[in-house]
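Inspection log for the structure reproduced underneath, given as structure tokens.
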Amino acid sequence: MILRIFRARVKPGMRGAYERLVQETFVPQVRTAPGLVALHVGKPMAAAPDVFVVVSVWKDLDALTQFAGEHWDEVVVMPGEADLSESVTVEHYNDSFQRIGTAWNSSEDALRTREQTAVREIRVSDAQWEAIRPLMPSAKKEGRPRADDRRTLDGILYVLRTGCRWHDLPSEYGSPVTCWRRLSEWEESGVWERIWRVFASTLDANAKLVWANALFAGTVTPTKRGTRRAG
């Protein structure tokens, strides 16, 4: 078995908010992971009230890797975590209580960089697109050439993931108006719900944490420029 010990030094006065983030974002994901043996969220310690501890036990290294990815010895980033913590540490031990891997430490700045990268640089993968592409309506043969569906989908997902306003969408995703109009069309035709369900079914544990705000806060469907409604 593999023992994974996660510690976060929470900013003063932020423990309650950090615990809510863990309970609403991390715990639902890890509890459904195959190979999880046990999960314990620590209570505040009198000697160190700002230290937050989560201990998980895994069947073996393969099970932990399936959940945390090939960089299993690093922290799994939760969106919003950098605003609440000063530093995080993760350590791993085998069933003989011998440390395996390297103790991983991250400051607030490093964690924020990882968080921003995780949230902003996601693109629909080739495998995801192959699953989604058959759901796309056929392009009209007349009129202006249709903007690329995959690029437009990436733009829509960027707005969902980051919560930005439509007009703040980076130019690499094409026209914000096109993304907004395309989503409106897909919603009216029922296509968007099918796209979202297929996309969500392809997410691994790390990706689900990145998407936690949309998946658990019920904000998966933007309907107006700069606003979102519950999905």
Review point. With θ set to phi - 60° and the Karplus curve 6.51 cos²θ - 1.76 cosθ + 1.60, what are the ³J(HN,Hα) couplings of the range 146-155 in order, to the nearest whole Hz, using x for Gly and Pro?
Key: 6, 4, 4, 5, 5, 5, 5, 4, 4, x
Practice item. With no solvent and one equal point scatterer per Cα, compute the Debye intensity ratio I(q)/I(0) for the range 2-118 at 0.12, 0.14, 0.15, 0.20 Å⁻¹ and report its log10, rounded to two decimals. Key: -0.40, -0.56, -0.65, -1.18
**Study point:** For the range 4-17, 3J(HN,Hα) per residue [Karplus equation, 6.51 cos²θ - 1.76 cosθ + 1.60, θ = phi - 60°, Hz, x = Gly/Pro]
**Key:** 10, 10, 10, 10, 10, 8, 7, 4, x, x, 10, 4, x, 5
Revision key, fill the gap. Listed with the fewest Cβ neighbours within 10 Å leading, Trp58, Trp192, Trp129 appear as Trp129, Trp192, Trp58
Check your understanding: Counting only residues 5 or more places away or on other chains, whose amide H sits under 5 Å from the amide H of Ile100 once H atoms are built in the peptide plane?
Key -> His92, Tyr93, Asn94
Revision key, fill the gap. Pseudo-spin-label distance Arg150 to Glu130, built 7 Å along Cα→Cβ, given in nm, is 1.2 nm
**Study point:** Sum of side-chain charges, Thr152 neighbourhood, beta-carbon under 13 Å (Lys, Arg +1; Asp, Glu -1)
**Key:** +2
Practice item. Springs between alpha-carbon atoms under 10 Å, Gaussian network over the chain: tell me which of Glu185, Glu91, Glu19 tops the mean-square fluctuations. Key: Glu185
Review point. Can you list residues whose amide H is under 5 Å from Ser87's amide H, if they're 5+ apart or on another chain and H is modeled 1.01 Å from N?
Key: Arg9
Exercise for review: Figure the gain on full extension for Lys11 and Ile122 (residue separation times 0.36 nm, minus the Cα-Cα span) and round it to one decimal in nm.
Suggested key: 37.1 nm
Check your understanding: Per 10 Å bin from zero, what fraction in whole % of the C-alpha pairs of the range 1-51 is there, up to the bin with the longest pair?
Key -> 21, 51, 25, 3
Exercise for review: State the volume of the convex hull built on the alpha-carbon positions of the chain, expressed per residue in Å³ and rounded to an integer.
Suggested key: 134 Å³
Practice item. With springs only between Cα atoms under 10 Å apart, run a GNM on the chain and tell me which of Asp149, Asp204, Asp168 wobbles the most. Key: Asp168
Review point. Each residue of the range 188-195 in turn: what ³J(HN,Hα) in whole Hz from Karplus with 6.51, -1.76, 1.60 and θ = phi - 60°, glycine and Pro shown as x?
Key: 5, 8, x, 5, 4, 4, 5, 4
Point to revise | Per-selection Rg to Rh, the range 59-130 - Cα, Kirkwood hydrodynamic radius | key: 1.05
Revision key, fill the gap. Between Ser96 and Val41, Cβ-based FRET efficiency (R0 25 Å, step 0.05) works out to 0.50
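FYI, it's all coordinate maths here, none of it is from the lab. Note that the structure is predicted; figures quoted are calculated from it, not measured. Every residue, glycine as well, gets a Cβ built from its backbone with ideal geometry; the counts of neighbours run over all protein chains shown.
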